[in-house]
Amino acid sequence: MEKNNYVDEKKAGSGRKIIEVRSITLGDGVPKICIPVTAHDERELRTQIEKILEAPCDMVEWRADFFEDYCTPGWLPEMLGILRNALGEIPLLFTFRTKAEGGEREVTLEEYEQINLEAASTGIPDLLDLELNRGERFFCDIIRKLHASGMKVIGSFHDFDQTPGKEEIIEILCTMQKCGADITKAAVMPRKEEDVLALLEASLEMKRYKSDRPFITMSMGSLGAVSRLAGSLTGSALTFATAGRASAPGQMGAELLARLLPSMIVEKSR
């Protein structure tokens, strides 16, 4: 495997790490736009890539759990190769989302580990998403393995039923940080307005006091849409958008986000 040389770490003025991935910087206060590929087969994958390349996009996420032939030998390096050739220098995030966190597939712990380690072994993705719900011990162990292969990790937590309290959200993000995730992510479902505020308050506290690296937070669904625009305020480094089919409830079109995000940039107080 050729080690990934496109991801670099530096320190932001706040003392937090920033991560440079090819041509973009995560954690510099300006939220970047990531568009998911949710194709069921190679033909659809190629079609979705064409649409994405016409949209404003800083990063592409391949949601490999949507792919129907995910058990076919050789499917991972082949599809990753197609993606890299098409995307050029656009950063690529590999995600195999399980049903427990809103994904398309239910796999064993061993299968989940094998898929992620195989994706990393190709050296093609720039980042890899890893779910905390597989267990903290497993999470920490596989991060060490992925780091040994040269892969940077986005640790992720999803709750499609509710929004945990502010302190619990902070604890979840800090746990992933403690385990060594290079970027941490929490996506939660609001049931009332106060839930959205809890997510935003947790994000702001991470930004000010708790986080020493980039993090991503979002409140899902239409009720939480404001959180996808507020990264400059809350510190969230990445926002997910669509150029076709959404991968989670509440995602906005990339064109709309690209128009709105510049007006949401918050200048640092003097």
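Remarks
- Search result, residues across region 154-192 that are in contact with a Cys (Cβ under 9 Å, 6 or more places away or on another chain) and farther than 20 Å from Gln251 by Cβ: Gly155, Lys178, Cys179, Gly180
- Selection from region 198-245 of residues that are closer than 22 Å to Cys57 by Cβ and open to solvent by 40 Å² or more (accessible area, probe 1.4 Å): Val226, Gly244, Arg245
- Among the residues listed as Thr163, Thr184, Thr175, the single one being among the β-branched types (Val, Ile, Thr), at pLDDT 95 or above and over 18 Å from the mean Cα position of the chain (by Cα): Thr163
- Out of Asn116, Asn85, sole residue that is part of a helix (DSSP H, G or I) and free of Cβ contacts under 8 Å to residues at least 12 places away in the same chain: Asn85
- Here Glu194 passes the criteria (1) in contact (Cβ under 8 Å) with a residue 12 or more places away in the chain; (2) more than 24 Å from Gly103 (Cα to Cα) except the one numbered (1).
- Residue match in region 215-222 (condition: in contact with a Gly (Cβ under 6 Å, 6 or more places away or on another chain) and within 22 Å of Asn133 (Cα to Cα)): yes
- Scanning region 41-56 for residues that are open to solvent by 20 Å² or more (accessible area, probe 1.4 Å) and either assigned to a helix (DSSP H, G or I) or acidic (Asp, Glu) (or both) yields a count of 11.
- Scanning region 65-90 for residues that are under 19 Å from Thr47 (Cβ atoms) and either among the aromatic types (Phe, Trp, Tyr) or open to solvent by 60 Å² or more (accessible area, probe 1.4 Å) (or both) yields Phe66, Phe67, Glu68, Asp69, Tyr70, Trp75, Glu78, Asn85.
- All of Ile124, Ile170 fail the test of being surrounded by fewer than 21 Cβ atoms within 10 Å (Cβ to Cβ), among the aliphatic types (A, V, I, L, M) and in contact with a helix residue (DSSP H, G or I) (Cβ under 6 Å, 6 or more places away or on another chain), apart from Ile170.
- Close Cβ contacts (under 7 Å, 6 or more residues apart or on different chains) running from residues in region 42-60 that are within 22 Å of Leu26 (Cα to Cα) to residues that are open to solvent by 50 Å² or more (accessible area, probe 1.4 Å) comprise Ala55/Glu255; Pro56/Glu255.
- Here region 174-188 is the region considered, the condition is being in contact with a Ser or Thr (Cβ under 7 Å, 6 or more places away or on another chain) and surrounded by 24 or more Cβ atoms within 10 Å (Cβ to Cβ), and the residue that is nearest to Asp129 (Cα to Cα) is Lys185.
- Leading residue by the ranking (surrounded by the fewest Cβ atoms within 10 Å (Cβ to Cβ)) among those in region 1-40 that are modelled with pLDDT of 90 or more, touching a helix residue (DSSP H, G or I) at 6+ places or on another chain (Cβ under 8 Å) and not in a strand (DSSP E or B): His40
The values are calculated or read from the model by the stated rules, or taken from the named source; none is laboratory data. Note that the coordinates shown come from a computational prediction; the quantities given were computed from them, not determined experimentally. We place every Cβ from the backbone using ideal geometry, glycine too, and count neighbours over all the protein chains shown. All accessible areas refer to the heavy atoms of the entire protein, side chains included, with ligands and DNA or RNA removed. Shrake-Rupley method; radii C 1.70, N 1.55, O 1.52, S 1.80 Å.
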